[in-house]
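Step one of this worksheet: look at the structure below.
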Amino acid sequence: MHNWIHPEPIEATVERLARCGYDAIEISAEPALYDAGELTRRLKLHGLECWGGVTRMVGGRDLVHADGEVRRAGVAYVKDALRFVSDLNGDILTVTPSAVGKLEPMASPETEWAWCVEGLRECQEYATELGVRLAVEPLNRFETHFVNRCDQALALAEEVGGDCGICLDLFHMNIEEASWRGAIADAGTRIADVHVADSNRYPPGEGSFEWLDMLRALAAAGYDGYLTLEFVAPVDRTPLASSRERSFDDSVRGSAGFLRDRLAELAAEAPLGSTTS
């Protein structure tokens, strides 16, 4: 699970994940907030590992900005995040190239693309040195103007080169993809990470996704990494709120249980080894 979905001290998140039966964490890549050595020890104490990290492209972090200094600062941040993930013995870093919430372009599509490729190639070179896999994540059109679909992320990863992969987020795919099945099949071995929430971004099992079909498609594509929970249930400020009240622990534990049950069904059809972060 990502720790950003429920703001609290990292110590509380690690304890919660261990208590709720998780195997790993995908951490917000904010190197200045954590002592990597201490966090590694704490994860080991609770029997967890760090699967990787996700960049926080906010506060001026942007690889697709008209100001070259801003772009260089964005590259420096991603490289710091890669080092942080490496220090935690993580495998992947998911990056959204443009600032989250930036919906207006600052140059032509060709120019913005060139800026992004240049920056990500430098990050990819550093990722290769560290043994961390970089993954481009598409976000829906209401969160970024730049990369919204799987085919766009694939084109970017292929132009960046090396083992640059993509991160598929099932919630964003539900908005942007004409066919999530086709997108998963097209991505194939470029899939480096998978973020999971239901169609409404509630925990898995509380929306309209056909989860067994989704997991079949990921298995057929050859994905055998972690599934990282990234649900964000909206606050209900109406009288209907009481009908949905549940603790965060219940949602965290229930999500893992739901996915493990679906994976067990899939394993009964054909052997599959996968885990939940």
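Can you pull out every residue in the range 158-168 that is farther than 19 Å from Val75 by Cβ and either surrounded by fewer than 24 Cβ atoms within 10 Å (Cβ to Cβ) or touching a Pro at 6+ places or on another chain (Cβ under 7 Å) (or both)?
Glu158
Thr128 passes all but one of (1) more than 18 Å from the chain's Cα centre (by Cα); (2) within 23 Å of Ile5 (Cβ to Cβ); (3) of a type in the set (Ser, Thr, Tyr); which number fails?
Unmet for Thr128, out of (1) more than 18 Å from the chain's Cα centre (by Cα); (2) within 23 Å of Ile5 (Cβ to Cβ); (3) of a type in the set (Ser, Thr, Tyr): (2).
Determine whether the range 71-79 contains at least one residue that is closer than 27 Å to Lys102 by Cβ, crowded, with 24+ Cβ neighbours inside 10 Å, modelled with pLDDT of 95 or more and of a type in the set (Val, Ile, Thr).
yes
Report, by residue number, each residue of the range 138-157 that is closer than 13 Å to Met173 by Cα, part of a loop (DSSP other than H, G, I, E, B) and either hydroxyl-bearing (Ser, Thr, Tyr) or touching a Pro at 6+ places or on another chain (Cβ under 9 Å) (or both).
Val147, Asn148, Arg149
Given the residues Arg61, Arg42, which is the only one that is part of a loop (DSSP other than H, G, I, E, B), basic (Lys, Arg) and in contact with a helix residue (DSSP H, G or I) (Cβ under 8 Å, 6 or more places away or on another chain)?
Arg61
Which numbered condition trips up Leu45, out of (1) out of contact with any strand residue (DSSP E or B) (no Cβ under 7 Å at 6 or more places or on another chain); (2) modelled with pLDDT under 95; (3) closer than 28 Å to Leu259 by Cα?
So the condition that Leu45 fails would be (2).
Could you list, ordered by first residue, the pairs with Cβ atoms under 6 Å in which the first is in the range 106-123 and under 13 Å from Ala155 (Cα atoms) and the second is surrounded by fewer than 19 Cβ atoms within 10 Å (Cβ to Cβ), at least 6 apart or interchain?
Listed by first residue and then by second, the contacts come to Val117/Glu159.
List the residue pairs whose Cβ atoms are under 6 Å apart, where the first residue sits in the range 208-231 and is free of Cβ contacts under 8 Å to residues at least 40 places away in the same chain, the second is of a type outside the set (A, V, I, L, M, F, W, C) and surrounded by fewer than 17 Cβ atoms within 10 Å (Cβ to Cβ), and the two are 6 or more positions apart or on different chains.
Here the result reads Ser208/Ser199; Phe209/Ser199; Ala217/Arg181; Ala221/Gly188; Gly222/Thr189, each pair linking the range 208-231 to a residue that is of a type outside the set (A, V, I, L, M, F, W, C) and surrounded by fewer than 17 Cβ atoms within 10 Å (Cβ to Cβ).
Could you run through the range 7-46 and say how many residues are closer than 20 Å to Ser247 by Cβ and among the hydroxyl-bearing types (Ser, Thr, Tyr)?
2
Could you run through the range 99-116 and say how many residues are part of a helix (DSSP H, G or I), crowded, with 16+ Cβ neighbours inside 10 Å and of a type outside the set (D, E, K, R)?
Number of matching residues: 3.
Out of all the residues in the range 1-39, which are exposed (fewer than 15 other Cβ atoms within 10 Å of the Cβ) and not in a loop (DSSP other than H, G, I, E, B)?
Result: Glu11, Ala12, Arg19, Ala32, Leu33, Gly37, Glu38.
Within the range 82-98, does at least one residue satisfy the condition of being over 25 Å from Cys116 (Cα atoms) and surrounded by fewer than 19 Cβ atoms within 10 Å (Cβ to Cβ)?
Among the residues of the range 82-98, at least one is over 25 Å from Cys116 (Cα atoms) and surrounded by fewer than 19 Cβ atoms within 10 Å (Cβ to Cβ), which makes the answer yes.
Taking the range 169-189 on its own, how many of its residues are without any contact (Cβ under 8 Å) to a residue 40 or more places away in the chain and either hydrophobic (A, V, I, L, M, F, W, C) or closer than 16 Å to Asn200 by Cα (or both)? Don't jump to the end; show me each part of the working.
Here is the first cut: in the range 169-189, the residues without any contact (Cβ under 8 Å) to a residue 40 or more places away in the chain are 172-189.
Narrowing the set further to residues that are either hydrophobic (A, V, I, L, M, F, W, C) or closer than 16 Å to Asn200 by Cα (or both) leaves 172-178, 180, 183-185, 187.
The total comes to 12.
The values are calculated or read from the model by the stated rules, or taken from the named source; none is laboratory data. Note that the structure is predicted; figures quoted are calculated from it, not measured. Note that we place each Cβ from the backbone using ideal geometry, even for glycine, and neighbour counts take in every protein chain shown.
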